[in-house]
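The structure under discussion appears below in the form of structure tokens.
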2 protein chains.
Amino acid sequence: MSDERAVPRAFTVGERREMTRTVTPRDVAAFADLTGDRNPVHLDPAFAATTRFGRPIAHGMLVASLFSGIMGQQLPGPGTIYLGQKLRFLAPVFVGAEVTVSVEIIEIKEKGRATLRTLASSDGKVVIDGDAEVLLPKT
Amino acid sequence: MSDERAVPRAFTVGERREMTRTVTPRDVAAFADLTGDRNPVHLDPAFAATTRFGRPIAHGMLVASLFSGIMGQQLPGPGTIYLGQKLRFLAPVFVGAEVTVSVEIIEIKEKGRATLRTLASSDGKVVIDGDAEVLLPKT
């Protein structure tokens, strides 16, 4: 049986991966179904029109969950264990907008731990800033 | 046109809501589809058997997203704006296990801001500890 963790992999500070995707109405509906969060600011254009944003915005945790996607697939990759996440939601991601999310290794610590900078931007501005603590996949 | 935000609602420190649900294989698969996070520690029992956990665990951000569900629906409720979230993933939630997530108002600040304690527990122990910063719905 192969053990994917046995593939040697060295990590270095400064390694970074990013991904750009559109947050669709379908994504937002799927997240609402999954979490039970049917806050009308995300789902109801008439309600959203009465808010500071003027139109529906994606759930912050949906956008933040894309960091998990990069971490689990690309950097650090399969086998990564998530230990912590800090998030600041600075601006909305409108439903239908493109968002670019990135993960960068900013510190490698003892016992296989690392700190990653997690950033999301949309429409030319940072929408989420934060950092993650992970246990790197075994090398 | 009705404005749901116009409904008077006073918030007090100590208000708390919780929700218990089972995290199903279907939930984990849906979250993997939504975020692109196909880390085998969540999806592949053979791989998970080689890890410290021994069996598939739910994505940490899936469980943490349930806080968003309580906040958007119950406390503080519809119209809540998420400003920040800190999370410590302390122990795994196994796929198929029950998890109880809770949100409690621990501080009400100026300009409609509040800090909420966000906790998740499964199998008798705390699995996620953290707190959220929100803008309360207008009263």
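Before moving on, here are some points about what is shown:
- Computed from the alpha carbon positions, the gyration tensor of segment B:1-83 leads to an equivalent ellipsoid with semi-axes of 35, 14, 9 Å, biggest first.
- Each copy carries a label point for A:ARG26 at 7 Å from Cα along the beta-carbon vector; from one copy to the others these points are 1.9 nm apart, nearest first.
- Solvent-accessible heavy-atom area per residue, rounded to whole Å², over the protein assembly as shown at 1.4 Å: 46
- Distance from the alpha carbon centroid of segment B:24-55 to that of segment A:43-92 works out to 20 angstrom.
- Relative to the longest principal axis of the Cα atoms of chain A, the long axis of helix A:25-35 makes an angle of roughly 70 degrees.
- Of all residues in chain B, the one whose Cβ lies closest to the rotation axis carrying B onto A, together with that distance in whole Å, is B:LYS86, 2.
- Between the Cα long axis of helix A:60-73 and the first principal axis of chain A there is an angle of about 30°, rounded to the nearest 10.
- For chain B, the relative contact order works out to 29 percent when only alpha carbon pairs closer than 8 Å and six or more residues apart are counted.
- 9 Å beta-carbon shell around B:ALA91, net charge (K/R +1, D/E -1): 0
- Overall, the accessible surface of chain B at a probe of 1.4 angstrom is composed of carbon and sulfur to the extent of 50 percent.
- Area buried, chain A against chain B - accessible surface, total, 1.4 angstrom probe, square angstrom: 3700
- Per-copy distances of the A:ASP44 label point, shortest first, in nm (7 angstrom along Cα→Cβ): 4.4
- Descending Cα extents along the principal axes, segment B:16-135, whole Å: 51, 29, 20
- Take the Cα of B:ARG26, step 7 Å toward its Cβ, do the same at B:ALA10, and the gap between the two points is 4.3 nm.
- Whole-number D in µm²/s for the protein assembly as shown (Stokes-Einstein; Kirkwood sum over Cα pairs; 10 °C, 1.306 mPa s): 84
- Copies compared at A:LEU90 - label distances in nm, ascending, label defined 7 Å from Cα in the Cβ direction: 3.1
The values are calculated or read from the model by the stated rules, or taken from the named source; none is laboratory data. As the structure is a computational prediction, the values presented were derived from the model and not from experiment. Quick reminder, even Gly has a Cβ in these numbers, built from the backbone with ideal geometry, and neighbours come from all protein chains shown. For accessibility, only protein heavy atoms count, side chains too; no ligands or nucleic acids. Shrake-Rupley method; radii C 1.70, N 1.55, O 1.52, S 1.80 Å.
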